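In what follows, a structure is listed as structure tokens, so that the remarks can point back to it.
The values are calculated or read from the model by the stated rules, or taken from the named source; none is laboratory data. Just so you know, these numbers come straight off a predicted model, no measurement behind them. Virtual Cβ from ideal backbone geometry, glycine too; neighbours counted across all protein chains shown. These accessible areas exclude ligands, DNA and RNA; they are computed on the full protein's heavy atoms, side chains included. Shrake-Rupley method; radii C 1.70, N 1.55, O 1.52, S 1.80 Å.
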Amino acid sequence: MAELEVDRFFTRLEKLHSHFIKHNAAVWGAADCLCLNRGPLDEDSNPYLKSAIFHQWIFGYELPDTIVLLTKEGEFYILATKKKCDFIRDASANIPKGSPIKKIHLLLRNKEDSNEENYTTLWKAGGLGSEERKLGVILKERETNVSSGGILGPWESKLTEAQEAKEVTLVDVAAGLSFAMSIKDESELDLMKRSSILSNKVMKHGYIKKMEDVIDSGEAITHEALASYVDEILENPSKIGLKVAGDDVQSCYYPIVQSGGNFDLKASAQSSEKKLSHDVIMVSLGARYRNYCSNIGRTFLVDPPKKVSENYELLLEMQEACLEVMRPGKPAKAVYKAAVSFLQDKDESLVKHLPKTLGFASGLDFRDSSFLLSAKNPASIREGMVFCLNVGLQNLELSESDRSASSDKSPVKKLSSYALMIADMVAVTKDGPDVMTKMPKALTNVAYKINDEEDDGDDDESEEEEDDAPDAPKGDAELARKLANESRGGGTRTSSRLARDSDAMKETQEGIAQRERKQILLMRRRNEERVKELARKNRNKSDGDGEDQAEELETYKRTRDYPDPQPNQVMVHMANQCVFLPISGVPVPFHISTIKNVVMPEADGATLLRINFYTAGIALGKEAPANMIKLVQKYAPYASFIREMTFRSLDGRNLTHAFRQISELRRRARAKELREQEEADLVEQEKLVRTRGAAVPRLSDLTMRPVVSARKTQGSLEAHTNGLRFTSVRNEIVDIMYANIKYAIFQPCESEIMVLVHFHLKNPIMIGKVKRLDVQFFTEVIDSSQAVDNSRRSMYDPDEMDDEQRERQLRKKLNGAFRDFCRKVDAVAKKNNYHLEFDVPYRDLGFTGNPHKEMVTIMPTLNCLVNLTETPFFVVDLDEVDHVHFERVTYMSKAFDIVLVNKDFNKPPWRVDMIPNGDKDAIQEWLTDMELTYTEGPMNLNWKQIVNTVKEDDRFYMNTEEDELTEKEAGWEFLRMFGKDDDDDDDPDEDDSEFGSDRADDEDDDGEEEEDFDSGVDEDGESDFDADEDLEEEGLDWDEMEEQAKDEDRRKRRMDDGVEEEVRKPKRGNTNKKRRR
């Protein structure tokens, strides 16, 4: 069974107890104790039973056939089976200090005495036995519970007998539970928001798309069939591309679709078997996400008469009036009163068309009857409550004159009555209402012009016909044209197609413009932040300048410590890492790190040994010890160096032995230095504290990457008190401390062959002989090396179908096991005061690219950009990214590259190549949301040279040169394809914004460009542009050429030929200005 979230359990139990004590007489019926029982489950069980909702709220799960008793003194009793008691046992042993809950009593079911002893314990705990004693129960559920049998049936029968004998008084506490659970905490509000988003997306991408296709194609479909289509999407959101776990979503109720004049605004309304009529279409649907409910309702108007459109706009204004009073402290009836007051001011005749309620509180319970937005409900609205605001007008009449202007083809012509409705989820915050279902509901978003008789023929002819017929009822046609113009930005919306291609194009262009504006502001802010970061870094660096000094070499402290060498012989002392060389008969020690190499040249009749040393003035090479490089640099200005020494001997035994020893000692010294460099930034890890006396979360049959040894590393992973321990089948142990985990990522298996958990560490750990920052544990769903039969198999082959079914079941099982493990690890870490949260990659934001040497799928998480299925892993910490540049962005190329510049300029940038062009906008939108700046250009750049230049420029992120007067491009602005502002030099008074503030400004700009173009053409048909080119062909004078050269040098100073950039300054005398992107 899943584990109980202990902290949440006590938080909500204490909240319930506090509300029970504080408001006992008001909403709890003056009960002395509470008996909140959950009956057994059955197939027809109502998910909105108050007991089921209470169990979901307090335990996170339903515990059927369970008796729960809570006293005023804080004693909490549970009578259930052993498995359910074990589920609560962890909480009973960890009651917080100072909690009003004194003790949790777990009573195990006892079949031997039919629970008589347990019932007696509960009876005494509740102090029952007199009529004055009141026991709070959920009265509506008692009749079902009495006949249920099991644990609960006899107890309910005992209570019934006691009530008849006047030994106890039973009072209903359903309202008290509603009040206690009405104010949502942060986690509940987050689930409500997710549920609302799900409803919103199903309405937008599921229902509306289907409805438009039906109307456009003229397909005949019943309300029931359309509702069934939407219900299938609610049960399986993947049908509209939403990646939501199937176990987390259900529909709140069967969707309601109504049209054709038969409308019912009650929550109990149902979709009929009648055909969908293309007039006034009303739809309501609701989604449950992890048992939290949401609702959305919209009315769509097809060929709406003017009267219908006017009433709909009035309904929108009425909703706004209701939202204004949905503030903490206001009574629920104030919402209804606000609607009545609004209609009395606008059109008093509509007041009688209001429904009895305008909504209700929602949460785990879809419709809480204690918080109806009715005319008489005095309950107060509080911060943290969530309501479904359902405003509507019912039984509205549509006269013959109202629909006279409608086309004879339109079903509206037969409509005599109609209704309007808008439903949204609203969270009450301290600042006012927050509408969580964001789907647009303006008239232009819900009205469709389908049957327009004036669409045939030319617009001018239509206007003439209207002039010739002044008496025609043209109000509806004018309104329709107005709506079309508003929705199309001045064009007309023909009704043969409902798809709004031009609207989508306009939204895309506006999105790009808005994104560019955000990028300009973001670039400016990031530059300021980086200036401050580098200032702090330089200050800290100056404080620690003395730490990285050359270490003097010392082999022996005193000459008397020398060993006794043989005269005129080369001797190697391995322990002190030195070589004694005879100079004029005197043995002189040389540290092994001073020797560059040693060779034995071939000579006739004698043995030669030549020893080369590190000296100033020559290249030291990559293998030179770091300390030796510092010493050479330190003493180079004034010291004399020995470059080489050669020794000759007729007896080669000593020199040959010395050659071997020196080579071996150099190899050991080099290996030691490399090992020290490898372990230089290692941080000593705390020791793993193993969990004793409790169940340890464990995953078996895992494979670890990277491998510990050369072979595949398989084993099990366990979560202990302060870290995770992986134990291989060969007893190899790898410990990962919670405190050292920077990011934990869980990637379920969907299109891949493996399900995995990945840990990106703060400090590297040693795995084998290599330090690693990334560790991964995975299980393959299918063997990646599985052989495929070359013979063709039929799609109806039962063996093939069985294999696919088994694979799907295995994927689901493994995903569930890994997900459970992640939750348990999270709980264990939280219990021991560590913060660990598993991220799941966003598949809908993923794209293909080549970060190493093969095409892979790269997906963002909350903090990283990753590919975890292929090795080497690609993990980019977004906190370490300074800037992102898009290369090879041209209209001709089918793919582009991305370069992510590291904040540490000593490290190379990350690259992802060959990304399809279709992903560019989505990636740029995501980067803007993550507050990362980006630029784009048409070519690949020399990033090694650019980064070196940037690293040496102390004023790179500043917008002025060293004189603090000469302006320059700050930070990465110089990579912009068209610059921050192309026309600054031409018109200093021009607005600095790259984009017009509204459509009117754009139109003015277009007009000015046309005027400039027209004015630039003379009577002979020649333009000033042609004249300028003629002048340029004659050549520039020396002053102009010198000025141009200075401009080019200034632009290329930082880039040092690493970037080839177009000169943005317009040609001299050119009056035809370029459009800014």
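Between a residue in the range 224-244 that is farther than 23 Å from residue 275 by Cβ and any residue that is open to solvent by 30 Å² or more (accessible area, probe 1.4 Å) and of a type in the set (Val, Ile, Thr), which pairs come within a Cβ distance under 7 Å, given they are 6 or more apart or on different chains?
These pairs meet every condition: 237/244.
Out of all the residues in the range 157-178, which are open to solvent by 60 Å² or more (accessible area, probe 1.4 Å) and under 30 Å from residue 385 (Cα atoms)?
Of everything in the range 157-178, just one residue is open to solvent by 60 Å² or more (accessible area, probe 1.4 Å) and under 30 Å from residue 385 (Cα atoms), namely 172.
Can you tell me which of (1) closer than 20 Å to residue 880 by Cβ; (2) free of Cβ contacts under 8 Å to residues at least 12 places away in the same chain; (3) among the hydrophobic types (A, V, I, L, M, F, W, C) is the one residue 745 doesn't meet?
(2)
Does any residue of the range 265-285 turn out to be in contact with a helix residue (DSSP H, G or I) (Cβ under 9 Å, 6 or more places away or on another chain), buried (at least 22 other Cβ atoms within 10 Å of the Cβ) and within 25 Å of residue 50 (Cα to Cα)?
Yes: the range 265-285 contains one or more residues that are in contact with a helix residue (DSSP H, G or I) (Cβ under 9 Å, 6 or more places away or on another chain), buried (at least 22 other Cβ atoms within 10 Å of the Cβ) and within 25 Å of residue 50 (Cα to Cα).
Regarding residue 377, is this residue at positive phi and either polar (S, T, N, Q) or more than 36 Å from the chain's Cα centre (by Cα) (or both)?
Taking the combined requirement at face value, the residue does not satisfy it.
Just name the residue that is most open to solvent (accessible area, probe 1.4 Å) out of those in the range 372-406 that are of a type in the set (Gly, Ala, Ser) and part of a loop (DSSP other than H, G, I, E, B).
Checking each candidate, the answer is 401.
Under 9 Å between Cβ atoms, which residue pairs at least 6 apart in sequence (or on different chains) link something in the range 802-821 that is among the aromatic types (Phe, Trp, Tyr) with a partner that is loosely packed, with under 14 Cβ neighbours inside 10 Å?
821/698
Among (1) assigned to a loop (DSSP other than H, G, I, E, B); (2) open to solvent by 50 Å² or more (accessible area, probe 1.4 Å); (3) polar (S, T, N, Q); (4) farther than 30 Å from residue 260 by Cα, where does residue 369 come up short?
Among (1) assigned to a loop (DSSP other than H, G, I, E, B); (2) open to solvent by 50 Å² or more (accessible area, probe 1.4 Å); (3) polar (S, T, N, Q); (4) farther than 30 Å from residue 260 by Cα, residue 369 violates only (1).
Surrounded by 17 or more Cβ atoms within 10 Å (Cβ to Cβ), more than 44 Å from the chain's Cα centre (by Cα) and closer than 30 Å to residue 277 by Cβ: does that describe residue 409?
Here the answer is no, as residue 409 does not meet what is asked.
Looking at (1) surrounded by fewer than 17 Cβ atoms within 10 Å (Cβ to Cβ); (2) touching a His at 6+ places or on another chain (Cβ under 9 Å), which one does residue 583 not meet, given that it meets all the others?
Every condition holds for residue 583 apart from (2).
Return yes when residue 317 is free of Cβ contacts under 8 Å to residues at least 12 places away in the same chain, open to solvent by 10 Å² or more (accessible area, probe 1.4 Å) and of a type in the set (D, E, K, R) and no when it is not.
Criteria not met by residue 317.
Is it true that some residue in the range 787-805 is at pLDDT below 95 and either touching a strand residue (DSSP E or B) at 6+ places or on another chain (Cβ under 8 Å) or surrounded by 15 or more Cβ atoms within 10 Å (Cβ to Cβ) (or both)?
Scanning the range 787-805 turns up no residue that is at pLDDT below 95 and either touching a strand residue (DSSP E or B) at 6+ places or on another chain (Cβ under 8 Å) or surrounded by 15 or more Cβ atoms within 10 Å (Cβ to Cβ) (or both).
In this structure, is residue 669 open to solvent by less than 40 Å² (accessible area, probe 1.4 Å), touching a Pro at 6+ places or on another chain (Cβ under 9 Å) and not assigned by the TED database to the domain that holds residue 598?
No; evaluated as a whole, the condition is false for this residue.
Scan 149, 98, 153, 127 and give me the residue that is small (Gly, Ala, Ser) and within 45 Å of the chain's Cα centre (by Cα).
98
Output the residues belonging to the range 206-252 that are open to solvent by less than 40 Å² (accessible area, probe 1.4 Å), under 30 Å from residue 747 (Cα atoms) and not aliphatic (A, V, I, L, M).
Result: 206, 231, 237, 248, 251, 252.
Considering the range 945-958 alone, what residues qualify as being open to solvent by less than 30 Å² (accessible area, probe 1.4 Å) and not in a helix (DSSP H, G or I)?
Scanning the range 945-958 gives 956, 957.
Name the pairs: first residue in the range 651-666 and open to solvent by less than 60 Å² (accessible area, probe 1.4 Å), second residue among the hydroxyl-bearing types (Ser, Thr, Tyr) and not in a helix (DSSP H, G or I), Cβ to Cβ under 9 Å, at least 6 apart or on different chains?
652/607; 654/607; 655/607; 655/649; 656/607
Spot the failing condition for residue 753; the list is (1) under 26 Å from the mean Cα position of the chain (by Cα); (2) open to solvent by less than 50 Å² (accessible area, probe 1.4 Å), and only one is missed.
It fails just one condition, (2).
Residue 551 fails exactly one of the following numbered conditions: (1) assigned to a helix (DSSP H, G or I); (2) modelled with pLDDT of 80 or more; (3) open to solvent by 70 Å² or more (accessible area, probe 1.4 Å). What is the number of that condition?
Failing condition for residue 551: (1).
Tell me the helices (runs of 4 or more DSSP H) entirely within the range 127-235 that contain at least 3 residues that are in contact with an Asp or Glu (Cβ under 7 Å, 6 or more places away or on another chain).
142-146
Residue by residue through the range 91-117, note down the ones that are in contact with a Phe, Trp or Tyr (Cβ under 9 Å, 6 or more places away or on another chain) and not aliphatic (A, V, I, L, M).
Listed by number, the residues that qualify are 92, 94, 96, 99, 102, 103, 105, 115.
Please tell me if residue 62 is open to solvent by 70 Å² or more (accessible area, probe 1.4 Å) and either within 28 Å of residue 116 (Cα to Cα) or in a loop (DSSP other than H, G, I, E, B) (or both).
Spelling it out, it is not the case that residue 62 is open to solvent by 70 Å² or more (accessible area, probe 1.4 Å) and either within 28 Å of residue 116 (Cα to Cα) or in a loop (DSSP other than H, G, I, E, B) (or both).
Taking the range 612-641 as the search range and keeping residues that are in contact with an Asp or Glu (Cβ under 9 Å, 6 or more places away or on another chain) and outside any loop (DSSP other than H, G, I, E, B), which one is farthest from residue 554 (Cα to Cα)?
Filtering first and then ranking leaves 612.
Could you check how many residues of the range 337-366 are closer than 16 Å to residue 424 by Cβ and open to solvent by less than 30 Å² (accessible area, probe 1.4 Å)?
Total satisfying the criteria: 10.
May I ask you to say which residue of 40, 100, 96 is in a loop (DSSP other than H, G, I, E, B), modelled with pLDDT under 90 and either surrounded by fewer than 18 Cβ atoms within 10 Å (Cβ to Cβ) or in the same structural domain as residue 144 (by the TED database) (or both)?
40
Does residue 445 satisfy the condition of being under 39 Å from the mean Cα position of the chain (by Cα), of a type in the set (S, T, N, Q) and modelled with pLDDT under 90?
yes
Out of the range 886-907, which residues are within 27 Å of the chain's Cα centre (by Cα) and open to solvent by 40 Å² or more (accessible area, probe 1.4 Å)?
903, 904 - these are the residues of the range 886-907 that are within 27 Å of the chain's Cα centre (by Cα) and open to solvent by 40 Å² or more (accessible area, probe 1.4 Å).
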